[in-house]
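Trainee: A single structure is presented below for examination.
The values are calculated or read from the model by the stated rules, or taken from the named source; none is laboratory data. Since we're looking at a predicted model, the values are computed, not measured. Here Cβ is always computed from backbone atoms with ideal geometry, including for glycine, and neighbour counts include all displayed protein chains.
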Amino acid sequence: MNELTNVTTGEVRLSYVHLFKPYAAMPGQEEKYSCTVLVPKTDTDTMARINAAIEAAKQKGISDKWGGVCPPVVQVPVYDGDGVRPSDGMAFGPECKGHWVFTASAKADYPPEIVDRMANPIINQSEVYSGMYGRVNVTFFPYAFGGKKGVGCGLGPVQKLRDGEALGGSAPTAAQAFGAPQPQAAAQQYGAVAGPGYAAQNPAAGQAPWGQPAGGVNPLTGMPY
């Protein structure tokens with residue numbers, strides 16, 4: 001690992017989270033693990049280290065990728081959340097306001113480690129979602145691809161620190177969809193009283209013992225069934 005290009009953020013918010021299963025936004029694209037990282041503009045320490053890592057990646061590009069020359073325009077992966085998206089010129093979502101925004105990704109062969117506050121692996125995937133807060137380890141690297149030269153961002157381990165309001169796209173829980181679980185009625189719990197629909201759902205309920213027709217006489221007791 002090149003320490004100059006590697007950064008572990010302070011507390012950030014995560015969006016567009018695809019950390020347990022690789023994802024491609026468009027058909028035919030390479031599927032990758034990824035998440036968008038929202039760095040508060042108040043966290044000047046994290047941003048200073050990110051900017052230093054990007055500069056280190058540029059220097060690496062000059063020596064390794066770009067033929068000894070720094071391009072006049074180097075595309076970098078960090079954007080101003082108070083500005084507009086470079087892809088379509090539209091404003092970033094409201095959750096991006098007051099943040100620096102970048103997306104980090106990893107190839108399908110390199111799934112990121114996902115841990116909790118105590119650095120234990122997170123097994124329950126529902127605990128990891130867009131809107132939660134955590135720390136992310138990322139590595140900035142130079143690239144030259146399709147005539148473009150720039151700096152990309154590789155995704156490393158992710159640590160969840162705390163819950164946050166879920167951002168769009170997350171499925172509701174059963175309780176949110178159908179209401180809180182209700183205690184079963186005593187009759188259903190203990191079979192004390194059969195409800196009015198019981199016989200209809202259980203045809204055998206209306207039959208006499210030993211398969212005798214309902215309404216007949218018990219030959220042993222002389223009493224009606």
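Trainee: Please enumerate the residues belonging to segment 137-151 that are within 18 Å of Val12 (Cβ to Cβ) and either out of contact with any Leu (no Cβ under 7 Å at 6 or more places or on another chain) or among the polar types (S, T, N, Q) (or both).
Mentor: Asn137, Thr139, Phe140
Trainee: Something else: Considering segment 151-181 alone, what residues qualify as being over 17 Å from the mean Cα position of the chain (by Cα) and at pLDDT 95 or above?
Mentor: Correct list: Val151, Gly152, Cys153, Gly154.
So that you can scan it fast, the table gives a plain yes or no per residue for (1) at pLDDT 95 or above; (2) crowded, with 17+ Cβ neighbours inside 10 Å; (3) in contact with a strand residue (DSSP E or B) (Cβ under 9 Å, 6 or more places away or on another chain):
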residue	(1), (2), (3)
Glu30	no, no, yes
Ala48	yes, no, no
Ala53	yes, yes, yes
Asp82	yes, no, yes
Arg85	no, no, yes
Asp88	no, no, no
Gly93	no, no, yes
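Trainee: What are the residues in segment 7-39 that are in contact with a Lys or Arg (Cβ under 8 Å, 6 or more places away or on another chain), farther than 12 Å from Tyr133 by Cβ and among the acidic types (Asp, Glu), if any?
Mentor: Glu30
Trainee: Filtering segment 116-160 down to residues that are without any contact (Cβ under 8 Å) to a residue 60 or more places away in the chain and of a type in the set (Lys, Arg), which residue is surrounded by the fewest Cβ atoms within 10 Å (Cβ to Cβ)?
Mentor: Checked segment 116-160; the qualifying residue surrounded by the fewest Cβ atoms within 10 Å (Cβ to Cβ) is Arg117.
Trainee: Would you mind finding the one in Leu4, Leu38 that is surrounded by fewer than 18 Cβ atoms within 10 Å (Cβ to Cβ), hydrophobic (A, V, I, L, M, F, W, C) and either touching a strand residue (DSSP E or B) at 6+ places or on another chain (Cβ under 8 Å) or farther than 29 Å from Gln125 by Cα (or both)?
Mentor: Residue meeting the stated conditions: Leu4.
Trainee: The conditions are (1) over 14 Å from Phe102 (Cβ atoms); (2) in a strand (DSSP E or B), and Pro27 fails exactly one of them. Which is it?
Mentor: Looking at each condition in turn, Pro27 falls short on (2).
Trainee: Which ones in segment 86-111 are out of contact with any Leu (no Cβ under 9 Å at 6 or more places or on another chain), in a loop (DSSP other than H, G, I, E, B) and within 21 Å of Lys32 (Cα to Cα)?
Mentor: Result: Pro86, Ser87, Ala108, Asp109.
Trainee: Report, ordered by the first and then the second residue, all pairs with beta carbons closer than 8 Å, sequence separation of six or more or different chains, a first member in segment 99-110 that is buried (at least 21 other Cβ atoms within 10 Å of the Cβ), and a second member that is modelled with pLDDT under 95 and among the hydrophobic types (A, V, I, L, M, F, W, C).
Mentor: Filtered contacts from segment 99-110: Val101/Phe92.
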